[in-house]
Structure formats: structure tokens, C-alpha cells
Amino acid sequence: MNKKSGFTLAEVLVTLMIIGVIAAMTIPSLMQNTAQQEYKAGFKKAVSMLNQAVTLNYALDGEDATNFQGSNMFHMLTKRLNVMSTVGSNIIYTADGMKITVKGDTKNCVTDNNAIDGYCSVVEVDVNGPKGPNKATAGTQAVYDIFTIRIYPQRAVPENQAQSDVLYNK
């Protein structure tokens, strides 16, 4: 007798159905985690870029950020960042697709014996530009693409503890 070994069509279809159900349950969470990791990486890059801009300006011109508030901060950043375009006098689009909005907020931007009394400017960074979801990140559970960064006389840091946790924790 000629006996062939193998799987029947029904067995193959049941196996494919099980794999499909498992994939349907896991792929959305994997995609969300991937997007959040991209936003975190963009945030780290934005903080680094702004720190480099402030440091470079101090190294080349001898001026820290105390002299740059509001529109002056916008002009300093356009001079020190890799800018693709600007909109008005407060929005910068960088070459890597980030949108940086310079806010007019300041709080006693002075230095006294290397102690920082207040921040010089606040910038809002959309790490993926016009692409969605265009929501502000408020905590570490749901990380979105808009972050707020405070610029002090010689450094740039996340605005609040939740964003610091996003930046420094995994």
C-alpha cells in the first residue's frame, strides 16, 4: 500500500487561524511600544541638540542664554541648529523633521555664583513634526510626540519630573 504522511488541509487551516489570532492580539501593542520608543529617542535628541546650541553659542560668542529670551532665543537657535525652515518668529523646522516652538516664558533668567535662579526660555518640541499624534506627553505611561524643554543659562532640561522620567528611565 501506498501511504502518504502529512497534514490535512483542515489541520493546516486551524494552525493558521491560531497564528492569526495570536498575531492580531500582539501586533498592536508591539506597534505602540515601537512608536513610544521612537518618541523617547527623538526627545533625547532634542534635549541634546538644544544643549549643544546653548553650549556652542557660549563657546563661540561668550554669551549664555541669559541674553536670549523670546525672539532673541529664536534667532540664537536658528543660528546654531540645522534649520530647514522657519514660520513667523517662533517656529523652527530642523533638518531631521522636528518642529521647535519658542515660547515667550521666562523666569528670572540670571546666574549668581553658578546657582541657577530661573529659566531663560521654554521651547516646545514636536519630535516628528506635523505627523500625528501631535499630543503633549504628560506622563511615562503614554508617551506622545510633543515635549516641553526649559532652557537655563547654560543647559536645556525637561520641563517637569514626568518628562525627566521619560528621558532618563527606560
**Q.** Range of Cα positions in the range 1-154 per principal axis (Å), largest first
**A.** 95, 30, 26
Q: Could you tally up the Lys pairs in the range 1-144 with alpha carbons closer than 16 Å? Skip any pair fewer than 8 positions apart unless they're on separate chains.
A: 8
Q | the chain: angle of helix 9-61 to the longest principal axis, Cα-based, in degrees nearest 10 | A | 10
Q. If you take every DSSP beta bridge whose two residues both sit in the range 9-168, what share of them, in percent to the nearest 5, is antiparallel?
A. 95
Q.
Among Ile146, Ile22, Ile91, which one shows the highest mean-square fluctuation when the chain is modelled as a Gaussian network with alpha-carbon springs under 10 Å?
A. Ile22
Q. For helix 71-80, what angle does its Cα long axis make with the longest principal axis of the chain, in degrees from 0 to 90 and rounded to 10?
A. 60
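Under the definition of Cα pairs under 8 Å and six or more residues apart, what whole-number percent is the relative contact order of the chain?
Details: 260 pairs, mean separation 33.4, N = 170.
That works out to 20 percent.
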Q) In deg cm²/dmol and to the nearest 500, what is the mean residue ellipticity at 222 nm of the chain if only DSSP H runs of at least 4 residues count, each as -39500 (n - 2.57), divided by the residue total? A) -14500 deg cm²/dmol
Q. Which distance in nm do the two modelled labels at Ile91 and Ala136 give, with both placed 7 Å along the Cα-to-Cβ direction?
A. 1.7
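None of the figures in this text is laboratory data; all of them are computed from the coordinates on show. Quantities reported herein were computed from a predicted structural model and do not represent experimental measurements. Backbone-built Cβ (ideal geometry, glycine too); neighbour counts: all protein chains shown.
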